[in-house]
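The structure appears right after this line, and notes come after that.
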Amino acid sequence: KQNNPGETEFHQAVYEVYESVLPVIEKHEEYRVNRVFDRMVEPERVISFRVTWVDDNGIPQVNRGYRVQMNSAIGPFKGGLRFHPSVNQSILKFLGFEQIFKNALTSLPLGGGKGGSNFDPKGKSDGEVMRFCQNFMLELSKHIGHRIDIPAGDIGVGGREIGYMYGMYRKIENQFSGVLTGKGVKWGGSLIRPEATGYGLIYFSQYMLENINDSLEGKTCIVSGSGNVAQYAIEKITELGGKVVTASDSSGYIYDEAGIDAEKLEFIKDLKNERRGRIAEYADKYSSATYTATDRSLDYNPIWKHAADCAFPCATQNELNEHDANNLIQGNVKLVAEGANMPCTPEAINILRDNGVMYAPGKASNAGGVATSGLEMVQNYSGSHWTSEEVDRRLQVIMKNIHDSCLHAAQKYKANNDYMSGANIAGFIKVADSMIAQGLL
Ligand code: NDP
């Protein structure tokens, strides 16, 4: 805390991992002697830079860009770029730190990183977004490379933004390389990458339920968010026979008792990806739905008050607090799996686990996105292009392996079937051993 004053999100992420891995560090002298954890919390490099761009009125605008290169012991830095007004160094360090363990869990050779800007794409024209992305890449291109650091999308960075950034990188470097993932399928992208985080989350949850001889069939589910992760989580839950009754954005949420079926989901995709509108429009279109606007004076989020078997927070960090966890328990929730990064506060996680709710931490359950980015890199390196079925099959295998390695690590360190401890321990051991093998750097 003294070294990183004010970085509350980063402290939160570090404490969570530290608590889980403490028994491992105590048992294995080499981790303590080599000060592995102290080294892990210090990024290898933090780059912060000015991005100047011109808006549609010809007025210069200034934003701050970042890339946090957290750890490259097991592979090149890899992690998304977030464009959102809330972005700051603390948030990117927490995301980069989480990414180290998540990437290790995928079993692919990927280090951890994260980046982005406090630029807000909301309400900007395509031309403004393009000019911002080009100027952002003008600086970022000096620090990345297909064997050095391979960024991807995150909040506010989807196919459009990746396209503009990739075009600029290609122009600067004069080469076509897989330096960003999440590219369009016509120009080096992988099939199933857009679906991968949401699908992977639901595959992971299905494996958790199978482990107790249950399934998603017939389950009522709450999903928050309506962006990339939420959309494909809703799609896969519905395919597997579950019913999703909510979706949200930062302005509010909709509750649809009849369930969000395939046709309604297409409406959401068009609304959010093409028209860039607000989720409130869903309730105007479908009479089975009600809309509740966000009330920031409340100390809980009413979306989590609805009765449901499963809950999937897929919007942003700290969106589910202790009041929300208690409300979910009142509503008889059995499983909470994180699609977003760190959406549950530490207090909420404790309440869920103490009440016997199955809980999956994002670094395990949302790892399908980065895993499929890894598969996009493999296709780029080898000049090949796999079918949707092939990528989806590999995604399922990866999610099953992550699931099993979390359980295995948890059992080995007597954490019963606690997926959070298991994910932190399994990820930590892989990276810690690699750092020790490579000497004191
Ligand atoms: P998108 O930008 O596509 O969607 C984000 C969604 O969350 C939108 O509905 C947005 O609403 C909502 N949201 C954002 N901030 C807030 C807030 N402060 N309060 C309420 N709602 C909010 O992002 P993604 O779906 O890609 O990412 C969602 C989460 O998943 C993030 O935590 C991200 O880090 C994580 N993640 C994403 C991966 C990916 O592959 N995309 C991979 C792994 C994790 P609005 O439209 O109003 O902004």
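The values are calculated or read from the model by the stated rules, or taken from the named source; none is laboratory data. The structure displayed is predicted, hence computed values, not measured ones. For neighbour counting, all protein chains shown are included, and Cβ atoms are generated from backbone atoms with ideal geometry for every residue, glycine included. These accessible areas exclude ligands, DNA and RNA; they are computed on the full protein's heavy atoms, side chains included. Shrake-Rupley method; radii C 1.70, N 1.55, O 1.52, S 1.80 Å.
Observations, loosely collected:
- Per residue accessible area of the range 165-221, 1.4 Å probe, in Å²: 42 Å²
- Using the average count of surrounding beta-carbon atoms within 10 Å as a protection proxy, the listed peptides 16-26, 343-353 rank, highest first, as 343-353, 16-26.
- Convex hull of Cα atoms in the range 73-203, direction-averaged projection (nm²): 8.2 nm²
- Stokes-Einstein diffusion for the range 13-133 at 25 °C, viscosity 0.890 mPa s, with a Kirkwood radius from C-alpha pairs, works out to 153 µm²/s.
- C-alpha center-to-center spacing [the range 1-40, the range 207-277] in angstrom: 35 Å
- The HN-Hα couplings worked out from phi for the range 184-193 by the Karplus form 6.51 cos²θ - 1.76 cosθ + 1.60 (θ = phi - 60°) are x, 5, 7, 9, x, x, 9, 4, 6, 4 Hz, whole numbers, x standing for Gly and Pro.
- In this Cβ point-charge picture (+1 for Lys and Arg, -1 for Asp and Glu), the chain has a dipole of about 1280 debye about its Cα centre.
- Computed extension gain for Leu22 through Leu441, at 0.36 nm per residue and net of the alpha carbon distance, reaches 148.6 nm.
- Protection proxy ranking of 355-368, 200-213 - average other beta-carbon atoms within 10 Å, highest first: 355-368, 200-213
- The charge dipole of the range 78-133, taken about its Cα centre with unit charges on the Cβ of Lys, Arg, Asp and Glu (plus for the first two, minus for the last two), comes to roughly 100 debye.
- Averaged per residue, the range 245-373 has 39 square angstrom of accessible surface, using a 1.4 angstrom probe with ligands and nucleic acids left out.
- Global geometry of the chain, whether rounded, prolate or oblate, following the gyration tensor of its Cα atoms and the 1.5 cut on a/c: rounded
- Solvent-accessible area of the chain (1.4 angstrom probe, protein heavy atoms only): carbon and sulfur portion equals 48 percent.
- For the chain, the residue among Tyr199, Ile150, Ile425 whose Cα projects farthest onto the positive side of the dipole built from Cβ charges is Ile150.
- Value in Å of the Kirkwood radius, where the range 352-435 supplies the Cα pairs that are averaged: 14.2 Å
- Sorted peptide list for 309-321, 140-152, 290-302, criterion being average Cβ within 10 angstrom, highest first: 309-321, 140-152, 290-302
- Dividing the radius of gyration of the alpha carbons in the range 32-90 by their Kirkwood radius gives 1.15 for Rg/Rh.
- Note on the range 64-137: Lys pairs 8 or more places apart or on different chains, Cα atoms under 13 Å apart, count 4.
- Averaged per residue, the range 1-122 has 42 square angstrom of accessible surface, using a 1.4 angstrom probe with ligands and nucleic acids left out.
- Cα centroid separation, the range 406-423 to the range 64-94: 27 Å.
- Prolate/oblate/rounded label for the range 157-288 (Cα gyration tensor, a/c 1.5): oblate
- Anisotropy class of the range 297-441 from Cα gyration tensor, a/c 1.5 cut: prolate
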